[in-house]
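What follows draws every value from the coordinates through simple rules; no lab data is involved. In this text the structure is predicted, and so the values were computed from the model without any measurement. Heads up, the Cβs are rebuilt from the backbone with ideal geometry, glycines too, and the neighbour counts pull from every protein chain shown.
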Amino acid sequence: MNLIDSIQTALRAISANKLRSFLTMLGVVIGVGSVIAMIGIGEGTKKKSMEQIQVMGTNMLMVMPNWRRGGMGMSNDIPTLKEEDVPRLKKEVPLIEFISGTVGSRAVTKHKSTSYMTQITGGEPQIAIIRNATKMHAGKWYTMDDEAKANNVCVLGWVAYQELFGDENAIGTTIRIKNESFNVVGVCAYKGGAGNWNPDDQIYVPLATAKHRLLGRRDLDMIMIQGKNSELLPITQQQVEYTLGKKRKNATGEPLFRVMNQGDWIETMQKQTQLLSILLAGIASISLLVGGIGIMNIMLVSVTERTREIGLRKALGAKREGILGQFLLESIVMCSVGGMLGIILGSLGVFAISGLLKVPPLVNTQAIVVAFGFSAGVGLFFGLYPAMRASRLEPIEALRYE
């Protein structure tokens, strides 16, 4: 009997008990579908997390102050980043592409009768490049001339624009921030984000304006840096730490700053989402094992029901290897059909669950191949014992079986 005849015989044997065969395959269908769906959701979550990190900027380092306590029993916190640190870093670290000091605070903004609490960020014009906010809905960014003159101009993030203006034109109009009038020169295009770091829920103003007119500060809250090369970002970080360390250390030699590397965030997020995907796929794979046990159970029943058939085949000259292959093929075909149905179910599940969780739907081709191969392997493994049992039956004893 050739392979095609064997497959046709296997399909006839499976279809002889359609309901039983379907219920047997159901465990494999659910297992394969769950693996594909869980890996797809994990990959979608990973992609969304990466987008949320990169929407803040690319190749980015953030220098944060290590706040120190005031002396002589004073409890006030003293910032440790100075205005002169920015030109020093620009001069001594050649791997820096763009750099800007920043200050910020939440404040109530007003336009006509509308008030809205949002984040006010003061930064030099290059902060638009560092924060990946150069794409504009309307208008343009303020200039270095505005920075030098500490002009009262601002650029609105998308959320701030919508809250204050709705669909009205904002360019050339005036808003009030902390009772100071500001001319709106630009509106950033929608980027997408959430939480305190939502880039859309911001109003950007020149650094000098924010420091001297809005917040009354001389020191910086943060220094934002864009490196020239993402692969050299760790070296850039080392050079920044070395340069600032020469001036920004306390009496015990501890640095009064810390440098946060965007690459470290991405690596940590990738490890977390990868672990999540493996965990979810592992849990889903248990369904495949349960389905395999069901396959073995039904194949053992099938061997018992077809004992006389096996004896007749052997009496007519069928070899042991042929009987073994026939029952093994039936098990593999059953799991493979279940695997194909599971692929369809899992792919549909990815799109359905992604819509509920609001993450990108990603159907992982590698996961499909692995899950289908695993389902065929389950059929081979769990079908082996029933097939061996069938092949070992003695013809005379089998023909006597009632």
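Give me, ordered by chain and number, the residues 5 or more places off K178 or on other chains with an amide H under 5 Å from its own placed amide H.
For K178, the qualifying residues are V108.
Evaluate the relative contact order of the stretch 67-255 (contact order divided by residue number), counting alpha-carbon pairs under 8 angstrom at least 6 apart; express in whole percent. Before the final figure, lay out the partial values.
On the way: 364 pairs, mean separation 56.1, N = 189.
Normalised by residue count, the contact order of the stretch 67-255 is 30 percent.
Taking amide H positions as placed in the peptide plane 1.01 Å from N, state which residues far from R248 in sequence (5 or more) or on other chains have amide H under 5 Å from it.
Amide H to amide H, under 5 Å and 5 or more residues apart or across chains, R248 pairs with nothing.
Would you indicate which of (i) 1.27; (ii) 1.14; (iii) 0.97 is the value of Rg/Rh (Cα atoms, Kirkwood Rh) derived from the coordinates of this structure?
(i)
Choose one of G216, G291, I278: the residue whose Cα lies farthest towards the positive end of the charge dipole of the stretch 200-314 (beta-carbon charges +1 Lys, Arg; -1 Asp, Glu; about the Cα centre).
About the Cα centre, the residue reaching furthest to the positive side is G216.
Quick one: Cα convex hull volume of the stretch 125-218, Å³ per residue?
101
What 222 nm value per residue comes from the helices of the chain, counting each DSSP H run with n ≥ 4 as -39,500 (n - 2.57) and dividing by all residues, nearest 500 deg cm²/dmol?
Estimated from H runs of four or more residues: -18000 deg cm²/dmol.
If you fit an axis through the alpha-carbon atoms of helix 320-357 and take the longest principal axis of the Cα set of the chain, what angle between them do you get, 0 to 90°, nearest 10?
With both axes taken from Cα atoms, the answer is about 30 degrees.
Assign unit charges at the C-beta atoms only (+1 for Lys and Arg, -1 for Asp and Glu), then state the dipole size of the stretch 67-255 relative to its Cα centre in Debye, rounded to the nearest 20.
Approximately 480 debye in magnitude.
So for the stretch 143-275, averaging the separation of alpha carbon pairs under 8 Å that are six or more residues apart and normalising by length, what relative contact order in percent results?
Dividing the mean separation by the residue count of the stretch 143-275 yields 22 percent.
Cα-Cα over 23 Å: which of K91/K246; K149/K211; K149/K178; K149/K191; K48/K135?
Pairs exceeding 23 Å: K149/K191.
Helix 233-245 sits at what angle to the longest principal axis of the chain, using alpha carbons and giving 0 to 90 degrees rounded to 10?
30
Within 10 Å of each residue's Cβ, count the other Cβ atoms and sort R20, R389 from fewest upward.
Arranged by neighbour count, lowest to highest, R20, R389 become R20, R389.
Relative to the Cα centre, what is the charge dipole magnitude of the chain, using +1 at the beta carbon of each Lys and Arg, -1 at the beta carbon of each Asp and Glu, and rounding to the nearest 20 debye? Present the calculation step by step, with values, prior to reporting the outcome.
Values: 43 positive and 33 negative charges, 74 e Å.
Computed about the Cα centre, the dipole is about 360 debye.
Give the relative contact order (percent, whole number) for the chain; include only Cα pairs under 8 Å separated by 6+ residues.
Value for the chain: 29 percent.
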